[in-house]
Amino acid sequence: MSTFYLTGTDTDAGKTLATCALLRAFRADGKTAVGMKPVASGCVMTPDGWRNDDALQLQAHSEPRPDYESINPYALAEATAPEIAAEHAGVTVSMLTIESAFLALQASAEVVLIEGVGGWMAPLATGLDQCELARRCGADVILVVGMRLGCINHARLTARAVVADGCELRGWIATAVDPELAYAEEYFQLLKTALPVPCLGRLPHMAAPKPDVLAGHLRLP
């Protein structure tokens, strides 16, 4: 069994898209693979309860398809930092609840991909950093680099922080979040030199992203 924790250089770095594409890549390799979004802020009320679009995408691309509560044990209404969203909702985020959901997913598949929140240093909850969850789940970290102005600095800082927190950084994925980025190829080549781990792929911009297609742009860690 393998577990990977996907973090990003910042909010909107393309973590969900990269996670879904990796799910499809593992499935194409003959593995059962499920996604997890332990804490999600920015949810809408549905007949089934609070639902987050990122978590629903992970559910849709998982095989087997877990129940929503296992994928996203904490669905918070407000689209803001999880600490603030949880406080406004009167919710206390518990590591034990997240760990219980993770163990259920781990028992159902060969690969679990956990999508974090924002960037690496954004807490999951008050007093709960993402590095603690990654360590508790025995997850290696994959860094999703949103290709835009400032990404070299953000990527290098994040890579250092992951290693300093005692986690294993296994690779990074580039996502074309800014299709108009000037000198995108030069940025990509500089990142390949600057980051201490291999690039696992480069996801091109698509008006209507298709993770099953984008999976072909990745190699498995």
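Laboratory data are not the source of any read-out in this text; all were calculated from the coordinates shown. On a predicted model such as this, the values are computed, not experimentally measured, just so you know. Heads up, the Cβs are rebuilt from the backbone with ideal geometry, glycines too, and the neighbour counts pull from every protein chain shown.
Based on Cα positions only, what radius of gyration and what Dmax would you give for the stretch 1-109, in angstroms?
13.7, 42
Among Ser62, Ser108, which comes first, second and so on when ranked by fewest other beta-carbon atoms within 10 Å?
Listed from fewest to most nearby Cβ atoms, that is Ser108, Ser62.
Is there a quick way to get the dipole size of the chain? I mean about its Cα centre, with the Cβ of Lys and Arg at +1 and of Asp and Glu at -1; what is the value in debye to the nearest 20?
600 debye
Any idea what the dipole of the stretch 1-88 comes to, in debye rounded to 20, about its Cα centre with Lys/Arg Cβ at +1 and Asp/Glu Cβ at -1? Before the final figure, lay out each step's value.
Working: 7 positive and 12 negative charges, 90 e Å.
The dipole of the stretch 1-88 has a size of about 440 debye.
Can you give the angle from 0 to 90° between the axis of helix 15-28 and the longest principal axis of the chain, with both taken from C-alpha atoms, to the nearest 10?
The two axes meet at around 90 degrees.
Report the relative contact order of the chain, percent, no decimals, based on alpha-carbon pairs under 8 angstrom and at least 6 residues apart.
That works out to 27 percent.
Considering only DSSP beta bridges where both residues belong to the chain, give the percentage that are antiparallel (nearest 5). Can you show the working numbers first?
Values: 6 of 34 bridges.
The answer is about 20 percent antiparallel.
Among Ala86, Ala194, Ala21, which one shows the highest mean-square fluctuation when the chain is modelled as a Gaussian network with alpha-carbon springs under 10 Å?
Ala194
Test of understanding: given the chain, find the longest segment containing no GluC sites (Glu not before Pro) that are in a DSSP loop and have at most 15 other Cβ atoms within 10 Å. Spell out each step's value before the answer.
Values: sites that count: Glu78, Glu110, Glu168, Glu180.
Free of exposed loop sites, the longest segment is 1-77.
Limiting things to C-alpha atoms, what are the Rg and the maximum Cα-Cα separation (Dmax) for the chain, in angstroms?
Cα-based Rg and Dmax for the chain come out at 16.3, 49 Å.
Going by Cα centres, the stretch 100-144 and the stretch 189-221 are how many Å apart?
Comparing the Cα centres of the stretch 100-144 and the stretch 189-221, I get a distance of 21 Å.
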